[in-house]
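Here's the structure we're looking at; comments come further down.
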């Protein structure tokens, strides 16, 4: 397992996923502001919350990429776009399942649309994340 490869793959995957989140409203999808949601858990100040949110979002992307790489290194799947997509689906199901709990625990829950389009966006974003992580990690 290449920890450097996993870290870089997590950063690249999170970057691409973040671009998709920013573009989602232009494609008719609801706004998905995970950075705002994460950051506002820790600060009411918008600038501070954004900084914390970006750091938390990218850190989580790196941690998940390390888990993906660890799974591949022990023989669960292979480093391929298909297994990246499969891991992304599993990742999305976990996120979709835990989101209501996160929102209940949030001290200042943001107004985020919930529904089938949001879940579809989360699913698509995590599939793309998984594919990008796999393809980037494969380079190592």
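Residue-by-condition table, conditions (1) part of a helix (DSSP H, G or I); (2) farther than 23 Å from residue 140 by Cα; (3) in contact with a helix residue (DSSP H, G or I) (Cβ under 8 Å, 6 or more places away or on another chain):
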residue: 4; (1), (2), (3): yes, no, no
residue: 14; (1), (2), (3): yes, no, yes
residue: 26; (1), (2), (3): yes, yes, no
residue: 84; (1), (2), (3): yes, no, yes
- request: Please verify whether region 61-79 includes one or more residues that are touching a residue at least 12 places away in the same chain (Cβ under 8 Å) and assigned to a loop (DSSP other than H, G, I, E, B).
  value: yes
Q.
Residue under question is residue 19, and the condition is that it be in contact (Cβ under 8 Å) with a residue 24 or more places away in the chain and either closer than 21 Å to residue 123 by Cα or surrounded by 13 or more Cβ atoms within 10 Å (Cβ to Cβ) (or both); does it hold?
A. no
Checked against (1) in a helix (DSSP H, G or I); (2) farther than 23 Å from residue 42 by Cα; (3) free of Cβ contacts under 8 Å to residues at least 24 places away in the same chain, residue 124 satisfies every condition except (3)
By residue number, the members of region 68-83 that are more than 13 Å from the chain's Cα centre (by Cα) and either buried (at least 17 other Cβ atoms within 10 Å of the Cβ) or over 23 Å from residue 120 (Cα atoms) (or both) are 69, 70, 71, 72, 73, 74, 75, 76, 77, 78, 79, 83
Only one of (1) touching a helix residue (DSSP H, G or I) at 6+ places or on another chain (Cβ under 8 Å); (2) touching a residue at least 40 places away in the same chain (Cβ under 8 Å); (3) closer than 20 Å to residue 10 by Cα does not apply to residue 138, and that is (1)
- request: Might you check whether a residue that is touching a helix residue (DSSP H, G or I) at 6+ places or on another chain (Cβ under 9 Å), surrounded by 19 or more Cβ atoms within 10 Å (Cβ to Cβ) and outside any loop (DSSP other than H, G, I, E, B) occurs anywhere in region 102-119?
  value: no
Flagged in region 26-36 as more than 15 Å from residue 11 (Cα to Cα) and either modelled with pLDDT of 90 or more or surrounded by 14 or more Cβ atoms within 10 Å (Cβ to Cβ) (or both), in numbering order, are 26, 29, 30, 31, 32, 33, 34, 36
Apart from one, (1) farther than 28 Å from residue 140 by Cβ; (2) within 17 Å of the chain's Cα centre (by Cα); (3) modelled with pLDDT under 90 all hold for residue 50; the odd one out is (3)
Inside region 37-57, the number of residues satisfying the requirement of being in contact (Cβ under 8 Å) with a residue 24 or more places away in the chain and surrounded by 18 or more Cβ atoms within 10 Å (Cβ to Cβ) is 4
Given (1) at pLDDT below 85; (2) in a loop (DSSP other than H, G, I, E, B); (3) closer than 28 Å to residue 137 by Cα, residue 99 misses just (2)
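The values are calculated or read from the model by the stated rules, or taken from the named source; none is laboratory data. As the structure is a prediction and not an experimental result, all values here were calculated from the model. Cβ atoms come from the backbone with ideal geometry, glycine included; neighbour counts cover every protein chain shown.
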